[in-house]
Structures are given as structure tokens and as C-alpha cells.
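The values are calculated or read from the model by the stated rules, or taken from the named source; none is laboratory data. In this text the structure is predicted, and so the values were computed from the model without any measurement. Here the Cβ positions follow ideal geometry from the backbone for every residue, glycine too, while neighbour counts run over all protein chains shown. Note: areas computed on protein heavy atoms with side chains; ligands, DNA, RNA excluded. Shrake-Rupley method; radii C 1.70, N 1.55, O 1.52, S 1.80 Å.
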Number of protein chains: 4
Amino acid sequence: MTVRFGLLGAGRIGKVHAKAITSNPKAQLVAVADAMEQAAGAVAHQYGCTIRTIEAILRSDDIDAVVICTPTDTHADLIEQFSRAGKAIFCEKPIDLDVERVKACLKIVDQEGGTLMVGFNRRFDPHFQAMRKVIDEGQIGEVEMVTIVSRDPGAPPVDYIKRSGGIFRDMTIHDFDMARYMLGEEIDTVSAQASVLVDPAIGEAGDYDSVSVMLSTASGKHATISNSRRATYGYDQRIEVHGSKGAVSAENQRPVSIELANAGGYTRPPLHDFFMTRYTEAYAREISTFIDALETGSPANPSGLDGLIALALAEAAVRSVNEGRAVKVSEVTGGLAGNSASPRQ
Amino acid sequence: MTVRFGLLGAGRIGKVHAKAITSNPKAQLVAVADAMEQAAGAVAHQYGCTIRTIEAILRSDDIDAVVICTPTDTHADLIEQFSRAGKAIFCEKPIDLDVERVKACLKIVDQEGGTLMVGFNRRFDPHFQAMRKVIDEGQIGEVEMVTIVSRDPGAPPVDYIKRSGGIFRDMTIHDFDMARYMLGEEIDTVSAQASVLVDPAIGEAGDYDSVSVMLSTASGKHATISNSRRATYGYDQRIEVHGSKGAVSAENQRPVSIELANAGGYTRPPLHDFFMTRYTEAYAREISTFIDALETGSPANPSGLDGLIALALAEAAVRSVNEGRAVKVSEVTGGLAGNSASPRQ
Amino acid sequence: MTVRFGLLGAGRIGKVHAKAITSNPKAQLVAVADAMEQAAGAVAHQYGCTIRTIEAILRSDDIDAVVICTPTDTHADLIEQFSRAGKAIFCEKPIDLDVERVKACLKIVDQEGGTLMVGFNRRFDPHFQAMRKVIDEGQIGEVEMVTIVSRDPGAPPVDYIKRSGGIFRDMTIHDFDMARYMLGEEIDTVSAQASVLVDPAIGEAGDYDSVSVMLSTASGKHATISNSRRATYGYDQRIEVHGSKGAVSAENQRPVSIELANAGGYTRPPLHDFFMTRYTEAYAREISTFIDALETGSPANPSGLDGLIALALAEAAVRSVNEGRAVKVSEVTGGLAGNSASPRQ
Amino acid sequence: MTVRFGLLGAGRIGKVHAKAITSNPKAQLVAVADAMEQAAGAVAHQYGCTIRTIEAILRSDDIDAVVICTPTDTHADLIEQFSRAGKAIFCEKPIDLDVERVKACLKIVDQEGGTLMVGFNRRFDPHFQAMRKVIDEGQIGEVEMVTIVSRDPGAPPVDYIKRSGGIFRDMTIHDFDMARYMLGEEIDTVSAQASVLVDPAIGEAGDYDSVSVMLSTASGKHATISNSRRATYGYDQRIEVHGSKGAVSAENQRPVSIELANAGGYTRPPLHDFFMTRYTEAYAREISTFIDALETGSPANPSGLDGLIALALAEAAVRSVNEGRAVKVSEVTGGLAGNSASPRQ
């Protein structure tokens, strides 16, 4: 079986997926669309695919699935259109910045019976997957407390931040998803605090750059998240899960693992400085998982509902900061049943 | 100069201090008092000091300073008595479980102009002190976020828990003090969540065994604390401080640092399983610092006010759990000026 | 510029190079040859190249360079033939098991003015290259002592061992090359000891499975090598260089870097268990370096002379074991000038 | 039981033992002797013991055991005298720099039936002892290869070096003993190479500062030793034992284990810079073991024979360097039976 792909959006992340698709023996990149002619052309040239408009891809019989890497504010509309056109959909997170818009979109996906997978790349990192496996094997007993530290090497441009939906929806959303993935249980309440320590311009744009979050589940499990938009030492991505019988953690990754010893001490090089080099393998596994889901007819995972829940957690965090209180997730979701979401997988 | 000591309480922690005093060339252990004759006798025999009653020590001209290791509910009274008697006082934390009682006690210490140092042993751990030095040297720039993970190998007896004032006043109190020590700024708000995951009997006793805390300062600095009464892998004591120019952290300590490699992987032994072996050096440095303060006439540090503030943070955490909201520390302290406290030193 | 490749030998290592060639934008895989039709067919099918005989490749105008991955006893002949045919040559180590045969072969390469690069893949490992860079930058001062530990997860089949030329020529040869690469100075004497500890069948085949080597240079620098054909914990590949101002080392590599903590201690997974996954990136960089040399017309590196010297060191080690003495390398090479070899690069 | 000690020599290492003795509840320091009145006085004052001459100690009825920390050239004579006087003896290594003199001395000890323990402090390091325990439990299977890296932070004064017997007898001797301890089998041959890289003055004094050693046992086990008189990064003391089922190693020790992360990477502090702080615990355990041997009447361990064998290995190493060949240990010892030595314990 070969899955024939259309790529919507040929920017930075679009190129990552183009490479993943063309490296996968079960996939073929048929067409690329991008409002910027040059971007589409670069992908078409490098991987030998055609350039089409989004509308043309929508009507293309030789395309089975699309990867949506266009700007966030187009995601929900495109998901609805391609869902109605019977194409399988892989969409970069988030589906939309507004919880209600996402709900409406997912309703249509459900009605059409389509396949929608949301791009939470970290679930496909080999190290985090290995942690999940250790947990599933019962090696740490019952999960009790998840500790996530996630720091970017530097803040994105303020222009980007203004359109991003804020740090909780843009950055912490990945950690919300990882907290669910590791806890294996839906989150019940969210407490958050936020400040501007890195760049006043971020504050002027109405956002924060340093946030802490506490999460709790109905059974009393905990997760904490620590985020900063600055880390001089690289892309800091650590997760630790403490359980009744032990704990498991993933170390930070660095491109070169040597150690220099001298009178100043023992020094190892900084971490990866970019999410794309840090998560190279994760992106490849992500597309491969999407293809496998299409091949086997099994549900795509993480699903649209996973995307919705992570967004709802971000929304709850914003409320918690604004109101200085622990916010129930159900206040945001309206008690949305989590039964088809996939915290674990 | 030789400081002549009386030891009040010859239990577990009393013995630790007896050893520290007798190993210190500037100190002499003159007398020990304990309601349990056998306990006092053991110390007297091992270190060649006399056995006296607390009242006798209070009136002893050959005693300059006392170390209070009696049960918590006696601390405040003893501090007041020995303060009035003109003895320098080192008191194990906490001064009392009640914030108002502590305030009243400290008022008397202030009136008497006495010396009172409170036993937050972790401030004297060589590794945490080295972190503080790195911070003071500006090597990580401005402190932004402190992350503390602190887990006990196992829970104390439920009988102890009932008298302990609860996990925040008994266990987290050390982490509150370390958060202040590392942040170098007073804490403004406390958010906490708590649950019972380790032992239902702890819940039945009205306490928790698993807690998470978020702290923020007026300038927007963050600290998070993760506590559990259970850790199969040993006494887990990690602190990490992230700043504008870098980060510094202290690794866990183990009694033996070997590594076994085989088909199952690479294994290092568990951590220290007891706070006394983990903090052996800290206890020695603590008493030494107390003696140095007496010798130089400089203020004892951490002070009674440091003890009060840590207790207030615990009280705020309890309120936060009960009320599901971020609690201002000033709600507890009544706006107590922090100007003579010593978050840094 | 595009380098058009012919691949001689489509076995295990041939496939590695086929992948590296076809992933390199400056290279094209035109043809493959293998005595086993099926092996050639698999490569041809996967990468869309033609199948030809070695003789046909020799005469092909559309081929600029060959990669020789055939059995060792064919290497020298093929190098001579393709050198005469004006093709650039990348040859897997060793050129031959006999020092004199290698000398004769290299003479012809020199006469023809051809390009010959020998496959010491470890020089292209990112971690070892980063070490070399640290040394070149003077960060450890003058190199003084190199310590190499190199252990295979398991021994190859005895049939392979019989044809391998023995452990020094088959396995230690890589470490001899790394010792030269890190020392940055030619080796003067070799002392070795060897025994059979892993498998008596290896001894019956006339070989060893556990060897130690000491090397010294004219200026008094040292290197030690420790080899075993068995390591339950994976593919153990460590190098450490001690110098006048410091030291630099490369840690072992593992596919997954998580840590599990429990009552048994802290466990990280075993190392890579196969040289191909351990050195994936090195193989890609190796072919890329070969192509760059062709593009820029600079000398291929490591050169045929590098291959010869490593073989001479192996020969000297064999003599040292047999005669129980330190053997001068010049006894083997006949004082071959090392001036065009490249210990550093 | 209380062992009453006389301390012969109150220099640097004498003070270490004075502290160990006085901290041990089963021991009493009765008297100290030193040619330097001031040195003896300092110990007498600090620990409340008497000052006596060596002759007086020899005749003292209130002394059960002596610790010999005088200059090396007095050791053998003192051992003989105190052995005849029926005192138990702990002697710092080496017994003498000359193998024949040591043999003669041990003969007298044997005749007198006295107790003689030799100060190889590393056997009492908690980490190396834990390694030995792992080996004894069979966790790494059969021991195959021992790798020792041992580097001093800096070279001793040339005056010391001139009297030291050379690096093999002064420094490597510890590693020879550790190789025996870890191999658990007597060493059969020694190959060594040596050079002067650190300080030409050391060469002018007839000694080396950088040496490598290979050892083999009758059954084909290997050990390698790498020594340097210089290490900018501290006191480098690593041992690794590879066996049929796994490997075990001891990490280097540092006084403070924090990690600083910034744009330059992740830095841990240098190692201990002095053998006394590195081996503090080992010295305490060493004296404690000596006392236990006296208490139980079991043989002292490491014995005089262990001291002799380590010296013979050093002698063999010197010959190997001078003659460029592998030297049989039996050439030096004259086939001395190793049956009462204790490679393992």
C-alpha cells in the first residue's frame, strides 16, 4: 500500500513533513500547495512532486491524505473541507485557538467519519516513548507525579507571539499533552502562574514568557510544568514520572556527547538548540504512525479530541492566571466526555 | 574562644548535634538534658558530659548556649526561657506549629536581644551552598525559576504524622526555606494541591502524602515544589535554579558511586536512604556556623524570622489547598516586614 | 557537480554505502555489482540503479568513482584495476592483510595519480571528530596519553575469524587508526598481549579474543588499547585523550537515553548493540567527505598510506605477542616515511 | 577490647592515622614519636596523648600496636624491632624500596608470628570495596580485563622524587595492588613503557612522570594502568573491571556535585585535588580493619606479602622499560609462592 500525500503549506514545518513523507517507503508525496510560490517550488523541486492549489488538491483523485501546515487560523476550515472530501488528515497543532471552534470542527470530522491526527510530535520521541513503555510494563507501579521542565533556547519574534494565542496555547500545549500522555488519566484541575521575565515586549504584547502549572487528576495524581522562553544552554526538554514503585525520566539530548576536563571542571556541550534537530526522529515516527493508522484502518492517534483537550487545558491555565484560582477543566470543556481521547497513546 | 553547650533533648537529632558539637574544636558539650534518663545517659557516657535537668541548665553559669531538640510543642517556651536567661539558642525547626505563637516568641527574643538560630539544615549542605555561591557570583544571571523535588524514602509513623502539623509544616517547610534561599526574594503568593497516594492511613489522620506547590515573588520569579512521602530509590533531594544567563543544579547523593553494566543496562546504586547520612556534613557545618556567629557577634542565620516565614508559607499552602486559590503570604503574616529575614543566607 | 558511483559488493556494508550515496545530493548511484545476483538485485531495486559486472563498471564511462565492499582478498587487485582505469576509489579497510601486498598496491595508485580513500569510519563519528576539534583548538594542551576501550557485543563466527587476519588486523586496526588520529604523531613502538577468554574455538582457530596494547611515539606520548570480543552491555566504544592542560573523552552511545530508578538503583539502557546503528552518522559523513575530496581535488583522507600504517601496527602487535617484546614499527614498515599519512585528519 | 596505639611519625600521613585512631571507639592513642619535636607535640596536644621516643614505645607495656609513618628507609628496621617486641604493626607502604630487604624483613615477621598490615589505603575505599563485592557476588561473571587510570593533580617536589624509588615504586605501586585486588589472581608478566612529559627535572632525576603498564595472569586475564603526574582536573582515580557477564566501574569523586549550565555547556566542578580528601573514608576504614583483625585474631590484610608482591611488580616494570620486553614476575621474586598473599581481600 502506498499513501499518496498532498502537503498544504511548505514553510519550515511543512518541509520537515515533506522529508518524512518522501523517506517513508509506504508514502508518496504527490503535490504541494503554498501561497508563497517559491516555497512550494522548493519542495516540488527537491522531492519531485507537482505544485497545485489547495482547491486542486481538494479535488485530486490521486491524493489520499493531506498534511496541514498552513497558518493556524486556516486549520479548522481546511480540516472541514478535506474531511468532507474524504481525505485523511494530519494537522499540525493547534486545530484552532478557540475551544468552541475546535468543537464545531471535530463534530464535522465525526459526522464524515474521517481520519484526523493532530501533530503532537513529542509523543513520537523515542525517549518519551520508551518512558511510556516502562510505565505500561508496570516498572514504576502506579503513576503518581509527573514533572515537566520545558524551556526554549529563545523567544520567537513578538509578531509571532501576537498571533500565537499566548504561551499556554503555543508552547505549554505540548507539555499539557505530555502530562496527559504520561499520567494516563484525564486532568481535572489546572492552576497556573505566569510572568514576564525574559522580554518586556512579550508583556506588552499581552503574553507571558515564564509560566508554572500544576495539574491534578480525579484520583489525586499530580503534574507540574515549568516553562521559559529562554534557556542559554539549549532546548531543555525533560520529563520525569514518579510512581509507587519507582521513577523514570528522559535526559536532555545534545548533538555531541563529549566531555572536556580541565582546571575549570568537567564540561559537556550545550543541548540541541532547535526543536527540529531535537525531534528529528519524532517527526519521522509521527508520519509513519499516521500512515500505519491509514493502512490498518485503526484510529489516528493523537486524535482531534486530544487536540481539543490540550487546548482546553491551555484555556483553563489562562483563566487560572487571571482569576488566581484552581480551574476545573470541565468549566472549559462543558464536561466533554474524554472517553474517546487517548491520554496514554 | 570555646562555646560551652547544653543539649536539650537527646533523641535522634539531639545525638547528631552532640556529635557535631564535640567534633568542633571551638565547642564543648557541658551538659545534656532529656526526660528519658537512658537517652541522656547515652550521650553523657559517649561524650563525657554531665546530665542535668533543663531547669539546671537554665541556671548554669558554665553554659553559654543551648541546642533545643525537644518535642516541637516545647520549643517556644524554651526559647523564651533561655532567651531571658541570656543563653544563645539554636532551635530545631519548627519554633511552633502556630504562626501567632511563633510571633509572640520572637517578640520576646527581640526584647531580650538574644541570639536565636533555627535549624534549617539544608542551607548548610555543601552542594546547595555551592549553588548559592554560583548564583551570588552572577554565573546564572538573574534568578527566574526554582524547581525543587524532595521525596522521602518512606512515610513516618502515622502517630508522628498526627503530631507533625501536617506535611506542609513538617516536610515542605524545608523546601519553602530552600525556595527562599535560592530565590533571594520574599515569596508573595502560594498555590498548592495535595492528595493521598501513598497510604490511606495518612489521609485518615487528616494529612496528605503527595503535594505540589507553586510560589511566586513580587517581581514575578517562580518556584515549584514536588513532595512525596515515598521514593523507592532513596532520599530524593534535588534543586535546580534557572536564571537569565544559565542554570545550576545539585545532583542527588548516593553513599556508593559505582556503576554495574550488563545485559540489563547500566545501573548505579540507590540514593542515601536516610536524611542523617544524606546531610551529615550539613549538620556539622550548621553547628559550626552557629558557633561562628556567637564568636563574631554577628546575627544567627537562619533566624527566628526565617523560621516564622517558612511556617507562614506552610500555613498559606494549607489555605490554598482548602480554598482552591492562590494565597497571599501577607494574609497569613499580616504583612510582617521581611526586612530582617535572610532569604539568601 | 554530481559524482556517479559504482558499488562493488552489495553485502552488509555495501548496503550501508548505497544508502549513504543515494542520500547525498551530490552523488548518484549508477550501478552495482555483486557475485550474488540477489544481493545486487536488492540494491538495484531499492535505489533504482543498474546491475553490472565489475568488469563492466571498470569500462563504464558514466561512472566516476567506485566503492569497494568486496571480500578483503580482492581489494588490492580491484584498487589497482580501477586506479588504472582512472576511477576514484573508496575502499573498505583493510586493503590487504599483507603489508608487502599493500605497499605494492599503493605504489601503483601513486603512479596512476589516482584518488584512494580507505574506510576508517570512526574518523567520521561526530563525537570523535568533536574531540579532535577540541584538541586542535589547544583546549587540552599537548596530547600526552590516549586511552581506548573498544569491545564488541559478541564475537563473529569462527569462519569469519579464520579469514579475518586475526583480531589485531580485523578489530584493533580501527583502534590503531584512532590512536594515530588522536595522538597526532606517528607511533614508534608497539607492545601487545593477547589471550582467549571468550571462546576456546577462537583460540583453536589461531586467534585471540581479548587483547591489550601499549603504543608509544618518538616524543614519548602513550596510547593504550583494550579490546574484547564480548560485552554484554553493548557496543563499547570509548576514547579519552589526556593532555597537559586537560582531557577530553567521548561517552558511549545508546539508542534510548532514559533512566529508571527503583529499589535496585538507577538504570540506563544498554548501548547500541551493532556497529551500524552506532556509526550511522559516521558512514554518511564518510561518503560525504570522499565526495568533497573529489569535488575540491584535495587528497582523500584517510589515505592508502593511513591504511598501510594501521596494518603495520597490527603486524607489529602480532610480533610483540609472539616475541614478548616491544616492537618498533619501522621493523615492519622498513622505515616507510610517514610524511604523506594523515594521523590527524 | 581497646587497642592501645603508638604512632611512629607525626607528619602528614601520621596525622591522618592519628585522627582515624582517635575517632575509633575501639582504639586509644597512647603515645606519639617523631624526630621533629613540634610535629609530635601537635599530635599530642590535639589528641591528648604522650610524647615518647621510638625506643620508649618499643618498651612500653601500655602499647599493643604501632602505626609506622616514618620515612621509608626506616620501615624495615622498625618492623623487625616491633615485631620482636611483640607489637602488632600497621606500616605505610612501601616496606622498603628493595625486594630483597623486604623479603628478609618479612622472614623475621613470620618467625616472630607477628601481625603486619601494609597501608594500601585504596582497598578500603567504599567505592572500590563495593566493586569488589559486586565481583564476588558473581554479578560480572569471570573477571577478564581491569582498566586503571590513576593520575595525580601535580608532581611532588623533585627532592621527594629522588628518594621515592621512582614512579613505579611510589605511585604505580597502588595501582599494582588494585590490579591484584580486582583481578583476584596473581600477575604473571609485566610490560611497561615510560616517558617524561610533565617536567624535564623529573627526567633529570632519573625518573618518569608518564607511564603505561600491561599486566597478564597465568589464565590470560589482563590489566592496564595509565599513570600521569599531572591532571589539571584533579585527582583522577578510576577503575573498571570487565567480565564475562558484565562490567563494574567506580566513578571519580568530587567534593561538590553541582552542575552549571550556560551557553558554554554543562559544567561540573573538578575532582578532589588531594589524596587525603579523596580517601578520607578509606583511611578510617583501614585502621578500623586493622583493629578488627587484632580483635578477632585473623590475619592482617593486606599483608606484608601483599606489600612485597606490589613492590616486585614495580621492579618488574622498571626492568620492562629498561629492556623493552615483557618481564615475568618470577624473575624478580624468584618464584616466591603467592599462597599467603591476598589479591582479593
* Asked: Is there a residue being open to solvent by less than 20 Å² (accessible area, probe 1.4 Å) and within 25 Å of D:M276 (Cα to Cα) anywhere in the stretch D:96-113?
  -> no
* Quick one: in the stretch A:251-269, of everything that is open to solvent by 40 Å² or more (accessible area, probe 1.4 Å) and more than 24 Å from the chain's Cα centre (by Cα), which residue is farthest from the other protein chains (Cβ to nearest Cβ)? => A:G264
* **Which numbered condition A:D64 misses (of (1) over 20 Å from the mean Cα position of the chain (by Cα); (2) within 14 Å of chain C (Cβ to nearest Cβ); (3) open to solvent by 10 Å² or more (accessible area, probe 1.4 Å))** => (2)
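Under the condition of being charged (D, E, K, R) and touching a strand residue (DSSP E or B) at 6+ places or on another chain (Cβ under 7 Å), which residue from the stretch A:256-306 is nearest to A:K103 (Cα to Cα)? First the steps, then the outcome.
So the first thing to find is which residues in the stretch A:256-306 are charged (D, E, K, R), and the list is A:259, A:268, A:273, A:278, A:281, A:285-286, A:292, A:295, A:306.
Next, only the ones that are touching a strand residue (DSSP E or B) at 6+ places or on another chain (Cβ under 7 Å) stay: A:259, A:268, A:278, A:286, A:306.
Numbers: A:E259: 50, A:R268: 46, A:R278: 32, A:E286: 24, A:D306: 12 Å.
Applying the filter and picking the extreme gives A:D306.
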* Positions within the stretch A:1-29 being among the aliphatic types (A, V, I, L, M) and either assigned to a helix (DSSP H, G or I) or open to solvent by less than 20 Å² (accessible area, probe 1.4 Å) (or both), in sequence order -> A:V3, A:L7, A:L8, A:A10, A:I13, A:V16, A:A18, A:A20, A:I21, A:A27, A:L29
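Residue-by-condition table, conditions (1) part of a strand (DSSP E or B); (2) more than 18 Å from C:E251 (Cβ to Cβ):
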position: C:R132; (1), (2): no, no
position: C:M145; (1), (2): yes, yes
position: C:I161; (1), (2): no, yes
position: C:T172; (1), (2): no, yes
position: C:M182; (1), (2): no, no
* Extreme residue, nearest to the other protein chains (Cβ to nearest Cβ), among residues of the stretch B:164-208 that are under 24 Å from B:G307 (Cβ atoms) and acidic (D, E) -> B:D188
* To do: Give the number of residues within the stretch A:120-148 that are touching an Asp or Glu at 6+ places or on another chain (Cβ under 9 Å) and among the polar types (S, T, N, Q).
  => 2
* To do: Determine the pairs where a residue that is under 14 Å from C:C69 (Cα atoms) and not assigned by TED's automatic domain parsing to the domain that holds C:L294, located within the stretch C:79-90, has a partner that is hydrophobic (A, V, I, L, M, F, W, C) and assigned to a helix (DSSP H, G or I) with Cβ atoms under 6 Å apart, the partner being 6 or more residues away or on another chain.
  => C:I79/C:C105; C:I89/C:I79; C:I89/C:F82; C:F90/C:F290
* Among the numbered conditions (1) part of a loop (DSSP other than H, G, I, E, B); (2) modelled with pLDDT of 95 or more; (3) surrounded by fewer than 23 Cβ atoms within 10 Å (Cβ to Cβ); (4) small (G, A, S), tell me where A:G203 comes up short. => (1)
* To do: Please name all residue pairs, on different chains or six or more residues apart, with Cβ atoms under 7 Å, provided the first residue is in the stretch C:158-173 and is touching a residue at least 12 places away in the same chain (Cβ under 8 Å) and within 13 Å of C:D209 (Cα to Cα) and the second residue is assigned to a helix (DSSP H, G or I) and open to solvent by less than 10 Å² (accessible area, probe 1.4 Å).
  => C:V158/C:I202; C:I161/C:I202; C:F168/C:A314; C:F168/C:A317; C:R169/C:L311; C:R169/C:A314; C:T172/C:A314; C:T172/C:A317
* In the stretch A:210-217, is there at least one residue being β-branched (V, I, T), buried (at least 24 other Cβ atoms within 10 Å of the Cβ), closer than 19 Å to B:G246 by Cα and within 14 Å of chain B (Cβ to nearest Cβ)? -> yes
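So that you can scan it fast, the table gives a plain yes or no per residue for (1) modelled with pLDDT of 95 or more; (2) charged (D, E, K, R); (3) within 25 Å of B:F274 (Cα to Cα):
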residue	(1), (2), (3)
B:T2	no, no, no
B:F5	yes, no, no
B:R12	no, yes, yes
B:H17	yes, no, yes
B:K26	no, yes, no
B:D34	yes, yes, yes
B:H45	no, no, no
B:T50	yes, no, no
B:I54	yes, no, no
* To do: Residues being within 29 Å of A:M171 (Cβ to Cβ), touching a strand residue (DSSP E or B) at 6+ places or on another chain (Cβ under 6 Å) and not hydrophobic (A, V, I, L, M, F, W, C): count how many of those fall in the stretch A:135-150.
  => 3
* For the stretch C:225-233, state whether one or more residues are away from chain D (no Cβ under 12 Å) and in contact with a Pro (Cβ under 9 Å, 6 or more places away or on another chain). => no
* To do: With the checklist (1) free of Cβ contacts under 8 Å to residues at least 24 places away in the same chain; (2) within 20 Å of B:Y279 (Cα to Cα) in hand, flag the one item B:R180 doesn't pass.
  => (1)
* Asked: Of the residues A:G141, A:G154, which single one is more than 10 Å from chain B (Cβ to nearest Cβ), surrounded by fewer than 22 Cβ atoms within 10 Å (Cβ to Cβ) and part of a loop (DSSP other than H, G, I, E, B)?
  -> A:G154
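Does at least one position in the stretch D:199-206 carry a residue that is touching a strand residue (DSSP E or B) at 6+ places or on another chain (Cβ under 6 Å) and without any contact (Cβ under 8 Å) to a residue 60 or more places away in the chain?
Scanning the stretch D:199-206 turns up no residue that is touching a strand residue (DSSP E or B) at 6+ places or on another chain (Cβ under 6 Å) and without any contact (Cβ under 8 Å) to a residue 60 or more places away in the chain.
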* Structure fact -> Per the filter on the stretch B:244-282, residues under 27 Å from C:R254 (Cβ atoms) and aliphatic (A, V, I, L, M) are B:A247, B:V248, B:A250, B:V256, B:I258, B:L260, B:A261, B:A263, B:L271
* **Matching residues, the stretch C:212-243, being touching a strand residue (DSSP E or B) at 6+ places or on another chain (Cβ under 6 Å) and among the aromatic types (F, W, Y)** => C:Y233
* Structure fact -> Out of (1) out of contact with any Ser or Thr (no Cβ under 6 Å at 6 or more places or on another chain); (2) in contact (Cβ under 8 Å) with a residue 24 or more places away in the chain, the one A:A31 does not meet is (1)
